[in-house]
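Just below is one structure, and these are the notes that go with it.
The values are calculated or read from the model by the stated rules, or taken from the named source; none is laboratory data. The structure displayed is predicted, hence computed values, not measured ones. Cβ coordinates were reconstructed from backbone atoms using ideal geometry, including for glycine residues, and neighbour counts include every protein chain displayed.
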Amino acid sequence: MLNTALRTIVPILLLIGIGAAARRVGILKAGDTRVLSAYVYYFALPALLLVNIAETQFDAKTLRFMAAGVTPVLIILVLYFTLSKILSLSKNNTYVLTLSTIFGSWGFFGIPFVMFAFPTREAERLATLALVSIAVVSVTISITLLEYYRMERTSLGQGLYTVVKKLLRNPLIIAIVLGILFALLRIRIPSLILTPLHMLGSTTATIAIFLLGAFLYGRRYANIMQALKLSLLKVLLLPAIALVTVGLFGLPEPHRSVIVLMHAMPLALSMIVLSERYDFNKETFASVILLTSIAAGLYLNLWLLVLGHT
């Protein structure tokens with residue numbers, strides 16, 4: 001367990017610290033993080049997704065793994081909206097609960113952590129498949145909820161049109177769809193193209209964690225106690241549901257561990273962008289991102305212990 005903890009915590013803390021230090025000493029300014037974020041979001045992560053998915057064989061085992069990844073999100077959605085009816089929660093509170101729980105940092109944090117914890121090509125492939133299954137559903141739900149939140153100024157038809165348009169232009173969704181098409185049609189990517197794609201994808205882990213430190217430095221954080229409660233739901237409830245789910249689906253190792261860990265990942269940095277764009281609880285989400293990201297090295301290794309990786 002100690003070796004696993006060191007292998008995951010030390011690289012992550014060092015990269016976060018270097019990113020924060022780059023902001024602290026003025027090497028990077030506040031706006032510079034947008035460049036790094038754009039690089040990861042539009043180039044590195046899509047390349048990683050495309051090559052891993054394109055090389056995947058979508059058999060019954062793979063589809064069962066992906067279904068196990070989606071199920072906890074759907075359970076949380078039903079649970080929260082049922083509770084909102086029973087407890088008469090406001091739309092604002094229901095949406096904050098839902099978004100802070102289901103919207104994880106699967107690409108920027110999840111894939112790097114899994115690669116640190118299980119340094120094998122198979123683990124990277126499984127993390128990518130988990131991202132595919134979880135992200136498509138969670139991102140669709142999240143954008144739909146945010147559009148519906150401001151529906152007072154938008155018709156239902158216009159809101160749905162906006163959601164579909166955003167998804168069709170999302171580089172991660174495009175990479176996922178292309179990868180699935182290549183895999184199903186058995187189209188092999190030429191080595192002249194595959195090599196630079198692998199090179200781009202391999203930079204995802206390092207730059208994404210470095211970017212986290214640079215992004216968190218100097219931001220305004222508020223509603224800390226509320227954020228702490230939301231963070232506990234994110235890092236305890238959702239992965240606990242995932243743990244039960246993988247048991248019901250009968251997943252072997254390391255499949256079950258990857259699913260649980262991906263559901264335990266911190267709230268994604270992109271939620272800051274979305275919350276600012278929709279003017280929706282910006283400070284609260286920033287605080288949840290801070291708390292879940294800083295504590296991730298500890299609680300993710302506790303989940304590894306629960307999963308039997310001693």
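A few comments on the model shown:
- Close pairs from region 113-136: first of a type in the set (Lys, Arg), partner assigned to a helix (DSSP H, G or I), Cβ under 7 Å, at least 6 apart: Arg125/Asn52
- Among residues of region 82-125, those that are touching a Pro at 6+ places or on another chain (Cβ under 7 Å), buried (at least 24 other Cβ atoms within 10 Å of the Cβ) and assigned to a helix (DSSP H, G or I), counted: 1
- Options Val306, Val273: the member that is out of contact with any Gly (no Cβ under 9 Å at 6 or more places or on another chain) and either modelled with pLDDT under 85 or under 25 Å from Asn170 (Cα atoms) (or both): Val273
- Residue in region 235-254 that is among the hydroxyl-bearing types (Ser, Thr, Tyr) and in a loop (DSSP other than H, G, I, E, B) present: no
- For Lys229, the stated conditions hold: it is free of Cβ contacts under 8 Å to residues at least 24 places away in the same chain and part of a helix (DSSP H, G or I).
- Selected residue (only one of Ala38, Ala68, Ala20 is within 30 Å of Ile187 (Cβ to Cβ) and in contact (Cβ under 8 Å) with a residue 60 or more places away in the chain): Ala68
- Residue within region 198-207 that is surrounded by 15 or more Cβ atoms within 10 Å (Cβ to Cβ) and not in a helix (DSSP H, G or I) present: yes
- Being in a helix (DSSP H, G or I) and either at positive phi or of a type outside the set (Lys, Arg) (or both) is a property that holds for Leu14.
This table checks each residue for (1) buried (at least 18 other Cβ atoms within 10 Å of the Cβ); (2) of a type in the set (Ser, Thr, Tyr); (3) under 17 Å from the mean Cα position of the chain (by Cα); (4) modelled with pLDDT of 85 or more.
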residue	(1), (2), (3), (4)
Arg220	no, no, no, no
Gln226	no, no, no, yes
Leu236	no, no, yes, yes
Ile259	yes, no, yes, yes
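- Checked against (1) among the hydrophobic types (A, V, I, L, M, F, W, C); (2) farther than 18 Å from Leu267 by Cα; (3) in contact with a Leu (Cβ under 8 Å, 6 or more places away or on another chain), Ala30 passes all but a single condition, namely (3).
- Only one of Ser231, Ser202 that is in contact with a strand residue (DSSP E or B) (Cβ under 9 Å, 6 or more places away or on another chain) and among the polar types (S, T, N, Q): Ser231
- In region 208-247, the residues that are within 25 Å of Ile18 (Cα to Cα) and of a type in the set (Ser, Thr, Tyr): Tyr217, Tyr221, Ser231
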